[in-house]
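K.L.:
Input: one structure, supplied below.
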Amino acid sequence: MADLSVNICGIQSPNPFWLASAPPTNTGDQISRAFDAGWGGAVWKTLGEPIENVYSRYSSVDINGSRMMGLNNIELITDRSLDLNLIEIAEVKKRHPDNVVIVSLMVESDADAWDSIITQVEQAGADGIELNFGCPHGMSERGMGAAVGQVPEYTCDITAWAKESAKTPVFVKLTPNITDIRHAARAAKDGGADAVSLINTINSITGVDLDSFTPRPVVGNKSSHGGYCGPAVKPIALNMVAAIAADPETADLPISGIGGIETWQDVAEYILLGATTIQVCTAVMHYGYRIVEGMHEGLSNYLDSKNIASVGELRGKSVERLATWENLDINYIVKADIDQEKCIGCGLCYIACEDGAHQAIGSKPTVDGKTEVWIKYDDCVGCNLCSLVCPVKDCITMVPQDLGQKSMTWVEYSGDNPPGELYPRPKHGLTIGG
Amino acid sequence: MNQMKSPNGISEALQPAPTMTWDEALVEAHRCLMCWDAPCTRACPTDINVPQFIKRISTGDLIGSARSILGSNILGASCARVCPTEVLCAGACVLNELHERPIDIGRLQAFATDDVVFGGVNIFEVAEPTGHSIGIIGAGPAGLSAGAELAKFGHSVVIYDANEEPGGLNTHGVANYKMDKHTSLREVDFIKSLGVEIRNGVAVGSDVSMDTMMDDHEAVFVGVGLGGVPVLGLEGEDLDGVDDALDFIAALRDGSADVAGQRVAVVGGGNTAVDAVTQSAMAGADRVYLVYRRGRAQMGGYPHDVERALQHGVEFVHWSAPVRIEGEGRVKALASVRTELDDSGVLQTIEGTEYSIPVDRVLRATGQAKLTPFLSTLDSVEIDSGGRVVVDEHHRTGNNRIWAGGDCVNGGKEVVNAVQHGKIAARSIDEALRATAAV
């Protein structure tokens, strides 16, 4: 049984599975139940001057019958009093001393305001604080949340104020609604941040009610853009996490990864790309706290199967495998291969390649009413598309080809003395209708 | 079995399956892989673009879905119910290769078409009147399909039907658990809404002469189907309780027959025989026997229908040839002898093997007769040795003003085959009439 405990900027956590600051961490009762279910830590829903919410708050994107592939919200920070939250923080820490309670905070851009609230939550027993510089709706209109996170100078300055007050580690939660996440992370680090959490939600409109013409979520006869999260945003978040982990200026900055995490595989990917802990929201909003069971079991079994004793050993292992495009081997060749025994004849690979890629698959009906497909080897550019659309597991595989070619990067090839020949590519579009 | 009666007088057990809800339809539609050059479409005799209509359901566009289906098959609502999808579209579904349940194409098709067909939604533009007139003989699936297509082209169409109600076997001869009579008649109403006129109770050849037909119309489509099941020629066949299985099914459909508690023997091995035994069992018969002179493998009935009959407790009596029906006034038993194939593969009865099954009804389902007496009167129309009308690939007969399709051409197949015949013939008729007009 692999060791799942982690240490992030001095905070010891029984496992890397944390809840993100959001509706699932709104109250002490919820967080206590989450810890009972197996969550290692929780980031308390953002405290500050209590707000009033609108009623209709969430909207989602469904794909082919799967619910909530993406979730959008226009909910604001806590609507409960600071005093009540402080009492509950103390209760939770008393009942769950080994679990991590980080408290998310958002107040106006005033050093005294930050000092006051940080002091209070630390006295209540918080193990750390998280500065919410990411909320992209509502709060940003009032000069907080993403309004701070989108300006590196503000991020740096307010982080520095918080660091002056805080005795516990300070996490800075980053907004993805910027051009290059590295600048935000560098600013947080410059301000003294002990760690960064990312990503917060992405500016979004999930859709429009086609009868009333009102975008969703509908509030009366209007809507407002919200923040997007859930499985749909995971690839965007992974890229940002990896960018910070790969940036020499922030490579040593601990990361708590957030965005679309639902399974142990998602957790492993975040950790491989540099995260130390992860935070979950949408999946719990969809299925409840119980999903953490599968994360424990799956991640532990995975580590055992790889003979890795501790989850910490996994951290960042994939970062070194990220390169700039120009440093990829342009003589690495793969070709698609169809296992005819497994093929069910749906023809999706054919039409995807024919209309959407490189016209390298043939298709014809067979005498028994099925469809036969085959790879035109010489035309295949190894793009992977056919294997992505194929509905049958392991039916289409991409097979590396040793054709006597020598590996060579674009940098080498475009330099003055290329080390070898560019292996010939299939050429398309030379004739029309041929 | 407790036999509940529904308001239409037909036992609840015989009612067709309920149609899908939106939730069911969406789950099923999303399972479709959207195959390229889809095997389901290739397996459809009317070329319904199955992935297209299913995708339209999944996007909530039922009008578009219905237009896709009905554009290929104007009887899409009844074919959704009566087609042997297990051996056509759903049988070809690639999910079978994954050992998964194939898409329930039939029920999705019903879901997509019901609102339009039974709600009288007008989704087709009928062309400006051309002034051409076509007479159609028979308001069964072939005639209705041809009529609808011709009406859409703007031609004037009159269908003459000998029965009191239109729809052919869809109305009179389909197993009720697949589709009830009311559904068939409502579908006919939809076709009439395209401008097709139907004259029921008018038999061409007796009530109206063929010469009048040829005088009144520029072209004639013959879709007369088949006749009744001929008598077996057995002693006792005139006893009460001995019926043509198709007449019996029709009687069950309008509630005028009751088999609850009875013992029923059906003679034959084709789809009509299997429908008759299954319906009898579902309607509460005490014992149901399918008596067939050959084995299971030689039966013409579809395996999935045979399976359903078995599930309803039907007993299959194979290698048995009826020799006599016993009774006094009414049937009491069916006497049969055992049969076998001899060394040269010819079916032989076995002497000394006669036995009787006590029954209250004997239904013959040994194949419908051809309507040769009428067909042979048609000038220049060739009839083959099997009694089928000979047509070219456009369903035109040897008489260049007469087209034909459906069971009278193929000897008896599915509704969907008849629909395709009517569609092809209509397009050929349209082309011929326009060519004539252009000259």
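The values are calculated or read from the model by the stated rules, or taken from the named source; none is laboratory data. As the structure is a computational prediction, the values presented were derived from the model and not from experiment. Note that we place each Cβ from the backbone using ideal geometry, even for glycine, and neighbour counts take in every protein chain shown.
K.L.:
Please go through segment B:154-171 and pick out each residue that is crowded, with 20+ Cβ neighbours inside 10 Å and either within 14 Å of residue B:78 (Cβ to Cβ) or out of contact with any His (no Cβ under 7 Å at 6 or more places or on another chain) (or both). Write out each step before concluding.
P.N.:
First, the residues of segment B:154-171 that are crowded, with 20+ Cβ neighbours inside 10 Å: B:155, B:157, B:159-161, B:166-171.
Those that are crowded, with 20+ Cβ neighbours inside 10 Å and either within 14 Å of residue B:78 (Cβ to Cβ) or out of contact with any His (no Cβ under 7 Å at 6 or more places or on another chain) (or both): B:157, B:159, B:160, B:161, B:166, B:167, B:168, B:169, B:170, B:171.
K.L.:
List the number of the failed condition for residue B:57; all other conditions in (1) under 21 Å from the mean Cα position of the chain (by Cα); (2) without any contact (Cβ under 8 Å) to a residue 60 or more places away in the chain; (3) within 14 Å of chain A (Cβ to nearest Cβ) hold.
P.N.:
(1)
K.L.:
Can I ask one more? Do you know which of the residues in segment A:36-67 that are part of a loop (DSSP other than H, G, I, E, B) and without any contact (Cβ under 8 Å) to a residue 60 or more places away in the chain is surrounded by the fewest Cβ atoms within 10 Å (Cβ to Cβ)?
P.N.:
The initial filter retains those residues of segment A:36-67 that are part of a loop (DSSP other than H, G, I, E, B), namely A:38-40, A:48-57, A:64-65.
Right, trim to without any contact (Cβ under 8 Å) to a residue 60 or more places away in the chain and you get A:49-50, A:52-53, A:64-65.
Details: A:49: 15, A:50: 14, A:52: 6, A:53: 13, A:64: 11, A:65: 13.
Out of the qualifying residues, it is A:52.
K.L.:
Can you say whether residue B:127 is under 18 Å from the mean Cα position of the chain (by Cα), away from chain A (no Cβ under 14 Å) and at pLDDT 95 or above, as far as the supplied structure shows? Even if it seems obvious, please write down each step before you answer.
P.N.:
Working: under 18 Å from the mean Cα position of the chain (by Cα): no; away from chain A (no Cβ under 14 Å): yes; at pLDDT 95 or above: yes.
Here the answer is no, as residue B:127 does not meet what is asked.
K.L.:
Does residue A:166 satisfy the condition of being in contact with a Pro (Cβ under 9 Å, 6 or more places away or on another chain) and of a type in the set (A, V, I, L, M, F, W, C)?
P.N.:
On the way: in contact with a Pro (Cβ under 9 Å, 6 or more places away or on another chain): no; of a type in the set (A, V, I, L, M, F, W, C): yes.
Considered against the rule, which asks whether it is in contact with a Pro (Cβ under 9 Å, 6 or more places away or on another chain) and of a type in the set (A, V, I, L, M, F, W, C), residue A:166 comes out as no.
K.L.:
A follow-up question, please. Within segment B:18-39, take every residue that is under 13 Å from residue B:59 (Cβ atoms) and free of Cβ contacts under 8 Å to residues at least 40 places away in the same chain and give me the one that is farthest from the other protein chains (Cβ to nearest Cβ). Spell out the reasoning first.
P.N.:
Going residue by residue through segment B:18-39, those that are under 13 Å from residue B:59 (Cβ atoms) are B:22, B:25-26, B:29-30, B:32, B:34.
Narrowing further to those that are free of Cβ contacts under 8 Å to residues at least 40 places away in the same chain: B:22, B:26, B:30, B:34.
Details: B:22: 12, B:26: 6, B:30: 4, B:34: 7 Å.
Checking each candidate, the answer is B:22.
K.L.:
Would you check if there is a residue in segment A:332-344 being buried (at least 18 other Cβ atoms within 10 Å of the Cβ), more than 32 Å from the chain's Cα centre (by Cα) and more than 10 Å from chain B (Cβ to nearest Cβ)?
P.N.:
The answer is yes, given that some residue of segment A:332-344 is buried (at least 18 other Cβ atoms within 10 Å of the Cβ), more than 32 Å from the chain's Cα centre (by Cα) and more than 10 Å from chain B (Cβ to nearest Cβ).
K.L.:
Moving on to the next point. Given the conditions (1) surrounded by 16 or more Cβ atoms within 10 Å (Cβ to Cβ); (2) in a loop (DSSP other than H, G, I, E, B), which single one is not true for residue B:321?
P.N.:
Result: residue B:321 passes all but (2).
K.L.:
Working only within segment B:40-54, note down all residues that are surrounded by fewer than 20 Cβ atoms within 10 Å (Cβ to Cβ), part of a helix (DSSP H, G or I) and away from chain A (no Cβ under 13 Å).
P.N.:
B:52
K.L.:
Consider only pairs whose beta carbons are under 7 Å apart and that are at least six residues apart or on different chains; among these, list those whose first residue lies in segment B:348-372 and is surrounded by 14 or more Cβ atoms within 10 Å (Cβ to Cβ) and whose second residue is part of a loop (DSSP other than H, G, I, E, B) and among the β-branched types (Val, Ile, Thr).
P.N.:
Listed pairs, sorted by first residue: B:361/B:259; B:364/B:229; B:365/B:229; B:366/B:229; B:367/B:229; B:368/B:229; B:371/B:224.
K.L.:
Another question about this same structure. Restricting to segment B:173-219, count the residues that are crowded, with 23+ Cβ neighbours inside 10 Å and more than 22 Å from the chain's Cα centre (by Cα).
P.N.:
Total satisfying the criteria: 1.
K.L.:
Shifting gears a bit: Evaluate the following for residue B:13: is it touching a helix residue (DSSP H, G or I) at 6+ places or on another chain (Cβ under 7 Å) and at pLDDT 95 or above? Step through it out loud before you land on a result.
P.N.:
Values: touching a helix residue (DSSP H, G or I) at 6+ places or on another chain (Cβ under 7 Å): yes; at pLDDT 95 or above: no.
Considered against the rule, which asks whether it is touching a helix residue (DSSP H, G or I) at 6+ places or on another chain (Cβ under 7 Å) and at pLDDT 95 or above, residue B:13 comes out as no.
K.L.:
Moving to a separate point now. When the residues of segment A:50-75 are filtered to those that are away from every other protein chain (no Cβ under 14 Å) and in contact with an Asp or Glu (Cβ under 8 Å, 6 or more places away or on another chain), which remaining residue is nearest to residue A:111 (Cα to Cα)? Spell out how you get there, then give the answer.
P.N.:
Kept after step one, since they are away from every other protein chain (no Cβ under 14 Å), are these residues of segment A:50-75: A:50-61, A:68, A:70-75.
Now drop any that are not in contact with an Asp or Glu (Cβ under 8 Å, 6 or more places away or on another chain), which leaves A:50-53, A:57-58, A:68.
On the way: A:50: 19, A:51: 21, A:52: 24, A:53: 26, A:57: 31, A:58: 33, A:68: 39 Å.
Among them, the one singled out is A:50.
K.L.:
I'm told residue A:12 meets every condition in (1) surrounded by 15 or more Cβ atoms within 10 Å (Cβ to Cβ); (2) assigned to a strand (DSSP E or B) except one. Can you identify the failing condition by its number?
P.N.:
Going through the list (1) surrounded by 15 or more Cβ atoms within 10 Å (Cβ to Cβ); (2) assigned to a strand (DSSP E or B), residue A:12 breaks only (1).
K.L.:
Quick check: anything in segment A:15-25 within 14 Å of chain B (Cβ to nearest Cβ), within 30 Å of residue A:265 (Cβ to Cβ) and modelled with pLDDT of 95 or more?
P.N.:
Let us first name the residues in segment A:15-25 that are within 14 Å of chain B (Cβ to nearest Cβ), namely none.
Checked against the condition, which is being within 14 Å of chain B (Cβ to nearest Cβ), within 30 Å of residue A:265 (Cβ to Cβ) and modelled with pLDDT of 95 or more, segment A:15-25 yields no hits at all.
K.L.:
Based on this model, can you work out whether residue B:81 counts as buried (at least 24 other Cβ atoms within 10 Å of the Cβ), part of a helix (DSSP H, G or I) and of a type outside the set (Val, Ile, Thr)? So that I can check it myself, show each step before the final result.
P.N.:
On the way: buried (at least 24 other Cβ atoms within 10 Å of the Cβ): yes; part of a helix (DSSP H, G or I): yes; of a type outside the set (Val, Ile, Thr): yes.
In short, yes.
K.L.:
I've got another one for you. Among residues belonging to segment B:126-161 that are assigned to a strand (DSSP E or B) and small (Gly, Ala, Ser), point out the one that is nearest to residue B:375 (Cα to Cα). Talk me through it step by step, then tell me what you get.
P.N.:
Here is the first cut: in segment B:126-161, the ones assigned to a strand (DSSP E or B) are B:133-137, B:156-161.
Within this subset, residues satisfying the condition of being small (Gly, Ala, Ser) are B:133, B:135, B:156.
Details: B:133: 22, B:135: 16, B:156: 24 Å.
Per the stated criteria, the residue is B:135.
K.L.:
Still on this structure, I have one more. Hey, among A:406, A:370, which residue is surrounded by 14 or more Cβ atoms within 10 Å (Cβ to Cβ), modelled with pLDDT under 95 and assigned by TED's automatic domain parsing to the domain that holds residue A:344?
P.N.:
Values: A:406 fails: surrounded by 14 or more Cβ atoms within 10 Å (Cβ to Cβ).
When all the criteria are applied, what remains is A:370.
K.L.:
Same structure, new question: Which condition does residue B:125 not pass, out of (1) within 16 Å of residue B:73 (Cα to Cα); (2) surrounded by 15 or more Cβ atoms within 10 Å (Cβ to Cβ); (3) without any contact (Cβ under 8 Å) to a residue 60 or more places away in the chain, if it passes all the others?
P.N.:
The one condition residue B:125 does not meet is (2).
K.L.:
In segment B:70-77, is there at least one residue being surrounded by fewer than 24 Cβ atoms within 10 Å (Cβ to Cβ) and either within 14 Å of chain A (Cβ to nearest Cβ) or in contact with a helix residue (DSSP H, G or I) (Cβ under 6 Å, 6 or more places away or on another chain) (or both)? Step through it out loud before you land on a result.
P.N.:
Within segment B:70-77, the subset surrounded by fewer than 24 Cβ atoms within 10 Å (Cβ to Cβ) is B:70-72.
If we keep only those that are either within 14 Å of chain A (Cβ to nearest Cβ) or in contact with a helix residue (DSSP H, G or I) (Cβ under 6 Å, 6 or more places away or on another chain) (or both) too, we end up with B:70.
Scanning segment B:70-77, I find at least one residue that is surrounded by fewer than 24 Cβ atoms within 10 Å (Cβ to Cβ) and either within 14 Å of chain A (Cβ to nearest Cβ) or in contact with a helix residue (DSSP H, G or I) (Cβ under 6 Å, 6 or more places away or on another chain) (or both), so the answer is yes.
K.L.:
Kindly establish whether residue A:85 is buried (at least 21 other Cβ atoms within 10 Å of the Cβ) and either out of contact with any Ser or Thr (no Cβ under 6 Å at 6 or more places or on another chain) or assigned to a loop (DSSP other than H, G, I, E, B) (or both).
P.N.:
Numbers: buried (at least 21 other Cβ atoms within 10 Å of the Cβ): yes; either out of contact with any Ser or Thr (no Cβ under 6 Å at 6 or more places or on another chain) or assigned to a loop (DSSP other than H, G, I, E, B) (or both): yes.
So residue A:85 passes the test.
K.L.:
Out of segment A:334-385, which residues are out of contact with any Leu (no Cβ under 6 Å at 6 or more places or on another chain), small (Gly, Ala, Ser) and not in a strand (DSSP E or B)? First the steps, then the outcome.
P.N.:
If we filter segment A:334-385 for residues that are out of contact with any Leu (no Cβ under 6 Å at 6 or more places or on another chain), which is where we start, we get A:334-343, A:345, A:347-351, A:353-356, A:358-385.
If we keep only those that are small (Gly, Ala, Ser) as well, we get A:336, A:345, A:347, A:356, A:360, A:362-363, A:369, A:382.
A:345, A:347, A:356, A:360, A:369, A:382 - these are the residues of segment A:334-385 that are out of contact with any Leu (no Cβ under 6 Å at 6 or more places or on another chain), small (Gly, Ala, Ser) and not in a strand (DSSP E or B).
K.L.:
Considering segment A:386-401 alone, what residues qualify as being within 22 Å of residue A:330 (Cβ to Cβ) and either hydrophobic (A, V, I, L, M, F, W, C) or assigned to a helix (DSSP H, G or I) (or both)?
P.N.:
A:386, A:387, A:388, A:398, A:399
K.L.:
Could you list, in sequence order, all residues of segment A:127-156 that are surrounded by fewer than 24 Cβ atoms within 10 Å (Cβ to Cβ) and either without any contact (Cβ under 8 Å) to a residue 40 or more places away in the chain or touching a helix residue (DSSP H, G or I) at 6+ places or on another chain (Cβ under 6 Å) (or both)?
P.N.:
A:140, A:141, A:142, A:143, A:147, A:150, A:151, A:152, A:153, A:154, A:156
K.L.:
Assess whether residue B:240 counts as being out of contact with any Pro (no Cβ under 6 Å at 6 or more places or on another chain), in contact (Cβ under 8 Å) with a residue 12 or more places away in the chain and either on the phi < 0 side of the Ramachandran plot or surrounded by fewer than 22 Cβ atoms within 10 Å (Cβ to Cβ) (or both). Quick ask: steps written out before the conclusion?
P.N.:
On the way: out of contact with any Pro (no Cβ under 6 Å at 6 or more places or on another chain): yes; in contact (Cβ under 8 Å) with a residue 12 or more places away in the chain: yes; either on the phi < 0 side of the Ramachandran plot or surrounded by fewer than 22 Cβ atoms within 10 Å (Cβ to Cβ) (or both): yes.
So residue B:240 fits the description; yes.
K.L.:
Return yes or no: is residue A:365 within 14 Å of chain B (Cβ to nearest Cβ), under 29 Å from the mean Cα position of the chain (by Cα) and not aliphatic (A, V, I, L, M)?
P.N.:
Details: within 14 Å of chain B (Cβ to nearest Cβ): yes; under 29 Å from the mean Cα position of the chain (by Cα): no; not aliphatic (A, V, I, L, M): yes.
Spelling it out, it is not the case that residue A:365 is within 14 Å of chain B (Cβ to nearest Cβ), under 29 Å from the mean Cα position of the chain (by Cα) and not aliphatic (A, V, I, L, M).
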